[in-house]
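The values are calculated or read from the model by the stated rules, or taken from the named source; none is laboratory data. Being a predicted model, the structure only gives us computed values, none of them experimental. In this analysis, Cβ positions are derived from the backbone assuming ideal geometry, glycine residues included, and neighbour counts consider all displayed protein chains. Quick note on the areas: whole protein, heavy atoms, side chains included, nothing else; ligands and nucleic acids left out. Shrake-Rupley method; radii C 1.70, N 1.55, O 1.52, S 1.80 Å.
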Amino acid sequence: MDKTLKREVISILVDNHYNVLSRVVSLFGRRGYNIESLTVSATNDPEISRVTIVFNGTEQSLQQIINQTEKLEVVRDIFTLETENSLYRELLLAKIACDKHDRSAMKEIVDIYRGKIVDLHKESIIVELTGTPEKLDAFMEMISCYDIAEVCRTGITGISRGVIK
């Protein structure tokens, strides 16, 4: 039996009611799973919300948490977003100390990563960047030599490719 931990991304369609998120998240906590990333959003149906959860687990623990989550009456559907059949995106906002001497270099880096400078101040800029988690990680590595004042990342949201269920 394989006990190797791997990163799992699951998508859960739930009833759009109060306390639903707390019920789903507490199930993970009670079972000892640490949630690495959590996003919740409305869907095209106002009665349904999508919860995307990223956590580390074994193949066995993945199946176990899926089975337990399916039993919640607020859950309409749950599925794994496999890397090869899904698209993942994340949003990053970063406030970087940047005076007039660093602005052109910072703008070049932001342009290379197809980001946007959304706020400019005499002493700092705020950059918005959307993409895969790997792209955002690479951007953070590239700007690590600058004074990064604040960073906010949304966490992964994802959708499966291809066939519509």
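Would you please name the residue that is modelled with the lowest pLDDT, looking only at residues in the stretch 153-165 that are of a type in the set (Val, Ile, Thr) and not in a strand (DSSP E or B)?
Applying the filter and picking the extreme gives 164.
Return the residue satisfying two criteria in turn: it lies in the stretch 120-162 and is of a type outside the set (D, E, K, R) and in contact with a Cys (Cβ under 8 Å, 6 or more places away or on another chain), and of such residues it is most open to solvent (accessible area, probe 1.4 Å). Ranking the candidates gives 146 first. Confirm whether residue 51 is within 17 Å of residue 158 (Cβ to Cβ), of a type in the set (Val, Ile, Thr) and in contact with a helix residue (DSSP H, G or I) (Cβ under 9 Å, 6 or more places away or on another chain). Criteria met by residue 51.
Among the residues of the stretch 73-92, write down those that are open to solvent by less than 70 Å² (accessible area, probe 1.4 Å) and closer than 25 Å to residue 140 by Cβ. Of everything in the stretch 73-92, those that are open to solvent by less than 70 Å² (accessible area, probe 1.4 Å) and closer than 25 Å to residue 140 by Cβ turn out to be 81, 86, 87, 88, 90, 91, 92. Restricted to the stretch 12-31, and to residues there that are of a type in the set (Ser, Thr, Tyr) and part of a helix (DSSP H, G or I), the residue that is farthest from residue 62 (Cα to Cα) is 22. Among the residues of the stretch 32-52, is there at least one that is open to solvent by 60 Å² or more (accessible area, probe 1.4 Å), in contact with a Leu (Cβ under 8 Å, 6 or more places away or on another chain) and in contact (Cβ under 8 Å) with a residue 24 or more places away in the chain? No, that holds for no residue.
Every listed requirement among (1) open to solvent by 30 Å² or more (accessible area, probe 1.4 Å); (2) of a type in the set (A, V, I, L, M); (3) not in a helix (DSSP H, G or I) is met by residue 9 save one, (1). Would the stretch 105-114 turn up any residue that is surrounded by 16 or more Cβ atoms within 10 Å (Cβ to Cβ), free of Cβ contacts under 8 Å to residues at least 60 places away in the same chain and among the aromatic types (Phe, Trp, Tyr)? Yes - at least one qualifying residue is present in the stretch 105-114. Among strands (runs of 3 or more DSSP E) entirely within the stretch 49-152, having at least 2 residues that are β-branched (Val, Ile, Thr) singles out 75-80, 116-120, 124-131.
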